[in-house]
Every structure is written in C-alpha cells, then in structure tokens.
Amino acid sequence: MYTSRISGLGHFVPDNIVTNDDLSKLMDTNDEWIQERTGIKERRWIENGSPETSASMGAKAANIAIEKAGIDKDEIDFIIFATLSPDMYFPGCGVQIQEMLGLPTIGALDVRNQCSGFVYALSVADQFIKTGMYQNILVIGSEFHSGGLDVTTRGRGVSVIFGDGAGAAILNRSDDPERGILSTHLHSEGKHARELTVEGPSIAHWVPEILNNPDDLSYYPYMNGTFVFKNAVVRFSEVIMEGLQTNGLSPSDIDMLIPHQANLRISQFVQKKFSLRDDQVYNNIQKYGNTTAASIIIALTEAHEKGKINQGDLLVLAAFGSGFTWGSVIIRW
Ligand code: UT7
C-alpha cells in the first residue's frame, strides 16, 4: 500500500469584499448580530456581471496547486471536484476543469457532499492513491454561493453566512508510511436531509412548478440553523475522536485542527472540548464566511502559506454539513 501526501496547495477568492455593513443595506441585519452569532466580518462575493464561476475559480486555484507541487499538468491522473454550486445541473465541474486546464482525457469526478465535500473528496483520492491506481490527483473545492442566495430580509438567516471561493490540492503517491494521510472517516444521516437544503429545481420539482407558484422558494437554501448547529458540535467532536483513536492518538497529539468554517462558535466549542490553544485551530471565517466545500482547503492553504504547518505536525481536518454528512482526515505532515 502507498500513502497519499499533499504536495501542492492553492486558493482563489474573488476580489469583491462584502462587509456586514454592506449587507445591512440589502436586508434587515447588522454587523453586531452577524459577528456575535457567526464571527463573520466580511466575505467575498463574485461581482454581478463577472464571468467567474465555481469551475473558473477552481481552475485558478488548481493552477497554483499544480505549480506548487512542481508537476507538469500532464502528470495529473484524475480530477475530483467538490461543490454544491456547480456551473451546470449536469455535467459536473470536474469535466470543465479537464477542458479549462487543457488536461489529457483523464477521469473527472464531482463530489456532492456540501460542507463535507472536500473531506469526502480527499478520502476518495486517498483510496485511489493508496491502492496504486493513480499517482497524482487534483482535488478541488469551489463554491459560487452568492448567485443563489436570497439577499432580502427573508433570507437573512442563511445569506449572511455564505461566501464564494475555491481551493485545490495535489495529492501525490508516496512510499513513506509515516507521513501523509493516515486515515479518513466519513458519515451520513439522510433523515436530516431537509434541515439544510436547496430542494428545487430538482427532477421531482421542476422549473414550471416553481414559476407557477410565487410562494415557492425552494430554489433558495433553507437551513434550520439551531438544529444544524446542535448536530454540528456533536458530530465534529465524535469524528475527530474517531480519527485520533483509529491512529492510537489523543487530542493532545493535535498540532493543528482545521475545521470546516461553518461558524466561529462551532470552532470555538470544538477547540474548548479538546483543550486546544488558539494557535492550534485555524479559522478564517472572519474574512471569507462559510465557503462550504472550499472552506477547509482555503484554510489549509492559508495556514500552510503562513508557516503554521510544519513537517511532522499532526493535522486534523473535520467537517459537518448538509445531508447530514460529516467526516475527518488525519494527516501527518
Ligand atoms: O456549514 C454547514 C453547516 N452549517 C452550520 O453549521 C450552521 C449552524 N447554525 C448556525 O450557525 C446558527 O444557527 C446561525 C448563525 C445560522 C443562526 O444563529 P442562531 O443563534 O441559531 O439564530 P436564530 O436562527 O435562532 O435566530 C435568532 C434571531 C431570530 O429572531 P427572533 O425570532 O428571535 O426574533 C432571527 O429572525 O435572529 C434573527 N436573525 C437575524 N437577525 C439579524 C436571523 N438572521 C439574522 C440576521 N440578522 N442575519
């Protein structure tokens, strides 16, 4: 068996900064509420009229990751793209990346696991590498939320949280069993699918039904925030412990926890639960909001660029979100 290690990282966020005060001009909200409940100060939203999309941002992040990995594009064997905001209903963004980056006709897979998307994508990539099937896999998480949010007071419980952005990693095959991805842990609980969802348009609820009913808002995200929050803190803690125990480790072995950036209060709860210092948990929700499948990879890229991750460090990635789905990745850097 081989080990997968992350050999290149990259991220891209749109230039357009939207502050909490900017949002208060669109809806009945305010900086104090948003910061107190979520920790978010600002987020990036693709500017109206910009050609940027989930795929194009993903391609930009991918180009950086490929360069940092020091490989030629032709050495990539497979693409995995995690998003809940694909450019098209189908096909997925993965094939667009193959075309945008001018890659050979390699396989491309889209992962639809929302906030856990990047953790699921890493896990899939890890299996392909471990078994020796592929040597280099391009893994992308990218979201264009702003185009699909209800930015009126009606949608304020959801729309103030989400931001746009993308991150990418190259996973590379290694012979060193001591370093790289040690294990991944994935879970789901579909009975809560409707607690955080965009229901329409779907094959069962197609466009004419929505257009014929002005009260039908199924094309906007719905979130039962308090219920999601309560489940998130429990599942984050469980799946981090599961990952540590699988490897005979304990919370005191963690050098850096990178949680999905859902809410600063969730990260702080987990930090306290595992008695981690501020410098052992990386948060950037303050400036990007919740970028769903992109959040962990943007945070990982930033933490790495800032020199906060060193060789030999034990890194824990953990996510929870719509589905419900949740998961963790334990990495020896
Ligand atoms: O990434 C995927 C996973 N997602 C999560 O983990 C998110 C988990 N949930 C949360 O982060 C929190 O539940 C939220 C930040 C979404 C909401 O915070 P909350 O403390 O649960 O607030 P709430 O929904 O209970 O709303 C409290 C009040 C309500 O008013 P009333 O009914 O008490 O009068 C809302 O209408 O705050 C009101 N409210 C707002 N006020 C100002 C809701 N959104 C806003 C807003 N600005 N943007």
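Starting from residues that are part of a helix (DSSP H, G or I) and within 12 Å of the ligand (Cβ to nearest atom), keep the ones in the range 252-267 and report whichever is most open to solvent (accessible area, probe 1.4 Å). Walk me through how you get there before you give the answer.
Quick first cut of the range 252-267, residues part of a helix (DSSP H, G or I) only: 252-253, 264-267.
Keeping just the survivors that are within 12 Å of the ligand (Cβ to nearest atom) gives 264-267.
Values: Leu264: 28, Arg265: 101, Ile266: 11, Ser267: 4 Å².
So, considering only residues that are part of a helix (DSSP H, G or I) and within 12 Å of the ligand (Cβ to nearest atom), the one most open to solvent (accessible area, probe 1.4 Å) is Arg265.
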message = Could you check the range 74-88 and list, in sequence order, the residues that are in contact (Cβ under 8 Å) with a residue 24 or more places away in the chain and either open to solvent by less than 50 Å² (accessible area, probe 1.4 Å) or within 20 Å of the chain's Cα centre (by Cα) (or both)?
response = Ile76, Asp77, Phe78, Ile79, Ile80, Phe81, Ala82, Thr83, Leu84, Ser85, Pro86, Asp87
request  = Give the residues of the range 284-304 that are free of Cβ contacts under 8 Å to residues at least 24 places away in the same chain and over 22 Å from Gly8 (Cα atoms), sorted by residue number.
outcome  = none
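Please return the ranges of strands (runs of 3 or more DSSP E) entirely within the range 135-251 where 2 or more residues are aliphatic (A, V, I, L, M) and open to solvent by 50 Å² or more (accessible area, probe 1.4 Å). Spell out the reasoning first.
Values: elements: 136-143, 165-174, 180-188.
Filter on the range 135-251 gives 180-188.
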query = Of the conditions (1) within 16 Å of the ligand (Cβ to nearest atom); (2) closer than 28 Å to Ile97 by Cα; (3) touching a helix residue (DSSP H, G or I) at 6+ places or on another chain (Cβ under 8 Å); (4) not assigned by TED's automatic domain parsing to the domain that holds Glu305, Val198 fails just one. Which one is it?
reply = (4)
query = Which one of these does Gly307 not meet: (1) part of a loop (DSSP other than H, G, I, E, B); (2) more than 24 Å from Phe227 (Cβ to Cβ); (3) touching a residue at least 24 places away in the same chain (Cβ under 8 Å); (4) among the small types (Gly, Ala, Ser)?
reply = (3)
inquiry  = Can you find a residue that is within 16 Å of the ligand (Cβ to nearest atom), free of Cβ contacts under 8 Å to residues at least 60 places away in the same chain and closer than 23 Å to Ser322 by Cα anywhere in the range 171-193?
reply    = no
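Among the listed residues Ile106, Ile140, which satisfies the condition of being touching a residue at least 60 places away in the same chain (Cβ under 8 Å) and away from the ligand (no atom under 16 Å from the Cβ)? Write out each step before concluding.
Details: Ile106 fails: touching a residue at least 60 places away in the same chain (Cβ under 8 Å).
From the options Ile106, Ile140, the qualifying one is Ile140.
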ask   = For the range 268-295, which residues satisfy the criterion of being within 15 Å of the ligand (Cβ to nearest atom) and surrounded by fewer than 24 Cβ atoms within 10 Å (Cβ to Cβ)?
value = Gln268, Phe269, Val270, Asn283, Asn284, Gln286, Asn290
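Inside the range 36-59, can you point out the residues that are within 16 Å of the ligand (Cβ to nearest atom) and within 12 Å of Gly289 (Cβ to Cβ)? Explain how you work it out, then say what you get.
Looking only at the range 36-59, we keep the residues that are within 16 Å of the ligand (Cβ to nearest atom), and these are 36-43, 45.
Hits for the range 36-59 are Thr38, Gly39, Ile40, Lys41, Glu42, Arg43, Trp45.
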ask   = Does Ala303 qualify as being in contact with a helix residue (DSSP H, G or I) (Cβ under 6 Å, 6 or more places away or on another chain), open to solvent by less than 10 Å² (accessible area, probe 1.4 Å) and under 29 Å from Asp110 (Cα atoms)?
value = no
request  = Report, by residue number, each residue of the range 202-246 that is of a type in the set (A, V, I, L, M), under 25 Å from Ile161 (Cα atoms) and in contact with a strand residue (DSSP E or B) (Cβ under 8 Å, 6 or more places away or on another chain).
outcome  = Met223, Val228, Ala232, Val239, Ile240
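The values are calculated or read from the model by the stated rules, or taken from the named source; none is laboratory data. For clarity, every value in this text was computed on a predicted model and none was experimentally measured. Positions of Cβ are backbone-derived with ideal geometry, glycine not excepted, and every protein chain shown enters the neighbour counts. We work out accessible area using only protein heavy atoms, side chains counted, and drop any ligands, DNA or RNA first. Shrake-Rupley method; radii C 1.70, N 1.55, O 1.52, S 1.80 Å.
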